[in-house]
Amino acid sequence: MDLSSNSESKVPVLQTATALAISFMICKIGAYLTQLCKIQGGTLPAVTAIVVFLATLFPAQFGYLAPAGDTLAMVLMQVKNVVSSFVYWCLIKCLFQELTP
């Protein structure tokens, strides 16, 4: 039995927490800037511009967070699948309830 630790297969908890914190800060700053400039619907472009700017200035630091992005993307895809399955189930249930007298 092999009880050795394989660090490559573990979830990078510190990187994930750091990525979440940085993402939250970037989104809040982007939302604040668009409200400050009174640009309606400009939050997503502002956040994208901030991310590109920061990734250009700090490529090594953002490269360190890349494995956390893969982990978060995998988790969010599973959440999306569960939520969309539930929505489809509700739609089908509602449609059948309306069709039956």
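Global dimensions of the chain from alpha-carbon coordinates: Rg and Dmax equal 20.4, 64 Å. Using a Gaussian network model of the chain in which every pair of alpha carbons under 10 angstrom is joined by a spring, one finds that among LEU65, LEU44, LEU20 the greatest mean-square fluctuation is at LEU44. What the Cβ-Cβ distance of THR48 and SER23 gives, at R0 = 22 Å and to the nearest 0.05, is a FRET efficiency of 0.95. Taken as entire DSSP H runs, the helices of the chain that both span 24 Å or more between Cα atoms along their own long axis and average -1.0 or more on the Kyte-Doolittle scale are 13-36, 66-99. For the chain, the Cβ-based charge dipole about the Cα centre amounts to some 360 debye (Lys, Arg positive; Asp, Glu negative; other atoms uncharged).
For the chain, what is the calculated [θ] at 222 nm in deg cm²/dmol (nearest 500), taking -39500 (n - 2.57) for each run of four or more DSSP H residues and dividing by its residue count? That comes out to -27000 deg cm²/dmol. Compared with the direct C-alpha span, the chain from LEU36 to ILE92 gains 15.8 nm at full extension, assuming 0.36 nm per residue. For GLY42, no residue has an amide H sitting under 5 Å from its own, ignoring neighbours fewer than 5 places away on the same chain, with H placed 1.01 Å from N.
Between CYS94, PRO45, THR71, the Cα set farthest toward the positive side of the dipole of the chain (charges on each charged residue's Cβ, about the Cα centre) is that of PRO45.
Since every read-out is calculated from the coordinates, none of them should be taken as a lab result. Given the structure is predicted, the values throughout are model-derived calculations rather than measurements. When we count neighbours, we look across all protein chains shown, and the Cβ atoms used for this are built from the backbone with ideal geometry, even at glycine.
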